[in-house]
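**Student:** Quick one: the structure is below, questions incoming.
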Amino acid sequence: MKSRLLFIISIIVLGATSCIKDEPLNRETDIESFIIKDNSYVDTDIRNKEVFVYVTDEINMASVAPEIEVTEGATISPESGSTQDFSKGSITYTVVSQDGNYSKDYAVTVVRLSSLNLVFDFENWKKTEEYYDLQVKTEEEILVKLWDSGNPGIAFVNKGKDFPTAPTTDSHTGTYAAKLETLKGNVSIGNIKIPIFSGSLFYGSFSLKEGIAEPRKCLRLGRIHPEKAGMPLTFTGYYKYKVGKPYIYLDDNNNEQSTNDIIDEFSIYSVLYKVPKGQAYKVFLDGITIMDSEMIVARADWKPETASQTDTPADKGFTKFTIPFKYKPGEEVLNYAAFDYKLVIMFASSKDGNEYKGGVGSTLIVDDVEVICDK
């Protein structure tokens, strides 16, 4: 009996060992985390094949030793913790999968926050395999991606050729402006129906890590707003808008409805919010919390009822908006000793597009945007 029991146990162990040996090695080649462990580090953006690391002026660009996490079992070269010279531009890191059959190159750029400003002309766009990404040129002539849109999510769920956010030559100045157009959706994610895609453009990033089941949580809204940039006072820029019809929405039974009786509206706003000191790289507001989070300290919202005060006619059919930031009581002085601050800028062709409501064809064009601060 005892020998039989030992035989059975040995079979189980051998079977388990066989299962472990038969398990395929990982083929993923992702950089999951890229940080610099000193006081200069602020935030990291990991894109498809690009990594942007944002730092303060305390950084020694010639001697940076980033700590990197990659997909389980994968290797990276140069290796994590090795000192690199970023003073001459980007450095290529290569990730090799656990099974050794796949590799991916990442261009890593370290960006000083002081090389950025809050004036945006929307002139620089990069064509990906499916859509356009807006880029910003730093004072050091480096193109970085500080803005994002809903395009990545739409590419994931729709696999279409039409995307609601793109450049247009219908600009206020320069060659290009940003064009946001509400498109028909006809997509479902589980129990969630998405009858329209609102055009959107926001200062922040889009991440599928939160799961596409709730698209609004994929928005990581806001970029670090350093103390040297000053206190935001006024949000200004130029826009033109065309209302689209019909207006599409979901009724209480989750059925798609359309009407010409509801007039679509656009959305333009900027928000300043605070996060615990040193936590800016991992604390965000999203498409749900951006409206009423207790972290918000100031807002500058375009509203139809105050448009007569904030809007003035401009050339080429554009309208200039000039919106003051309104600070919450007790937040009129920014406390950088206890908090870091992040700035959000948001544009959408359909105001309620985050609730999958909007007029098909509604088009918002924006250009020459600026956040004016007291420094």
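**Student:** Check Ser350 against each of (1) assigned to a loop (DSSP other than H, G, I, E, B); (2) more than 19 Å from the chain's Cα centre (by Cα); (3) under 30 Å from Glu256 (Cβ atoms) and name the one condition it does not meet.
**Tutor:** (2)
**Student:** If I filter segment 229-268 down to residues being among the polar types (S, T, N, Q) and touching a residue at least 40 places away in the same chain (Cβ under 8 Å), which single residue comes out as surrounded by the fewest Cβ atoms within 10 Å (Cβ to Cβ)?
**Tutor:** Let us first name the residues in segment 229-268 that are among the polar types (S, T, N, Q), namely 234, 236, 253-255, 257-260, 267.
Remaining after also requiring touching a residue at least 40 places away in the same chain (Cβ under 8 Å): 234, 236, 254, 267.
Working: Thr234: 15, Thr236: 18, Asn254: 10, Ser267: 19.
So, considering only residues that are among the polar types (S, T, N, Q) and touching a residue at least 40 places away in the same chain (Cβ under 8 Å), the one surrounded by the fewest Cβ atoms within 10 Å (Cβ to Cβ) is Asn254.
**Student:** Continuing with this model, one more query. Within segment 308-339, can you find the residues that are within 30 Å of Tyr176 (Cβ to Cβ) and without any contact (Cβ under 8 Å) to a residue 12 or more places away in the chain? I'd like the intermediate steps shown before the answer.
**Tutor:** As a first pass, look at segment 308-339 and keep what is within 30 Å of Tyr176 (Cβ to Cβ): 308-325.
Across segment 308-339, the qualifying residues are Ser308, Gln309, Asp311, Thr312, Pro313.
**Student:** Here is a further query. Quick check: is even one residue across segment 172-186 part of a strand (DSSP E or B), surrounded by fewer than 18 Cβ atoms within 10 Å (Cβ to Cβ) and not basic (Lys, Arg)? Lay out the reasoning, then the answer.
**Tutor:** Within segment 172-186, the subset part of a strand (DSSP E or B) is 177-181, 183-186.
Next, from what is left, pick out any that are surrounded by fewer than 18 Cβ atoms within 10 Å (Cβ to Cβ): 184, 186.
Checking the rest, the ones that are also not basic (Lys, Arg) come to 186.
Yes, the conditions are met somewhere in segment 172-186.
**Student:** So, in segment 120-132, how many residues would count as being at pLDDT 95 or above and in a strand (DSSP E or B)? Break it down stepwise before answering.
**Tutor:** Our first condition is that a residue be at pLDDT 95 or above; within segment 120-132, this holds for 120-125.
Still in the running and in a strand (DSSP E or B): 120, 124-125.
Total meeting the criteria: 3.
**Student:** Exactly one condition in (1) in a loop (DSSP other than H, G, I, E, B); (2) under 22 Å from Thr44 (Cα atoms); (3) touching a Leu at 6+ places or on another chain (Cβ under 6 Å) is false for Val344; which is it?
**Tutor:** It is condition (1) that Val344 fails.
**Student:** Within segment 352-375, which residues are surrounded by fewer than 20 Cβ atoms within 10 Å (Cβ to Cβ) and closer than 22 Å to Phe120 by Cβ?
**Tutor:** Initially, segment 352-375 is screened for residues surrounded by fewer than 20 Cβ atoms within 10 Å (Cβ to Cβ), giving 352, 355, 361, 370, 372-375.
Selection gives Glu370, Ile372, Cys373, Asp374, Lys375.
**Student:** Shifting gears a bit: Please enumerate the residues belonging to segment 277-294 that are at negative phi, surrounded by fewer than 17 Cβ atoms within 10 Å (Cβ to Cβ), at pLDDT below 95 and not β-branched (Val, Ile, Thr).
**Tutor:** Scanning segment 277-294 gives Lys277, Gln279, Lys282, Met291, Asp292.
**Student:** Here is a follow-up. Against the definition (farther than 19 Å from Arg47 by Cβ, outside any loop (DSSP other than H, G, I, E, B) and touching a strand residue (DSSP E or B) at 6+ places or on another chain (Cβ under 9 Å)), how does Asn117 come out, yes or no? Working first, answer last.
**Tutor:** Values: farther than 19 Å from Arg47 by Cβ: yes; outside any loop (DSSP other than H, G, I, E, B): no; touching a strand residue (DSSP E or B) at 6+ places or on another chain (Cβ under 9 Å): yes.
No.
The values are calculated or read from the model by the stated rules, or taken from the named source; none is laboratory data. What you see is a predicted model; the values in this text were computed from it and never measured. Here Cβ is always computed from backbone atoms with ideal geometry, including for glycine, and neighbour counts include all displayed protein chains.
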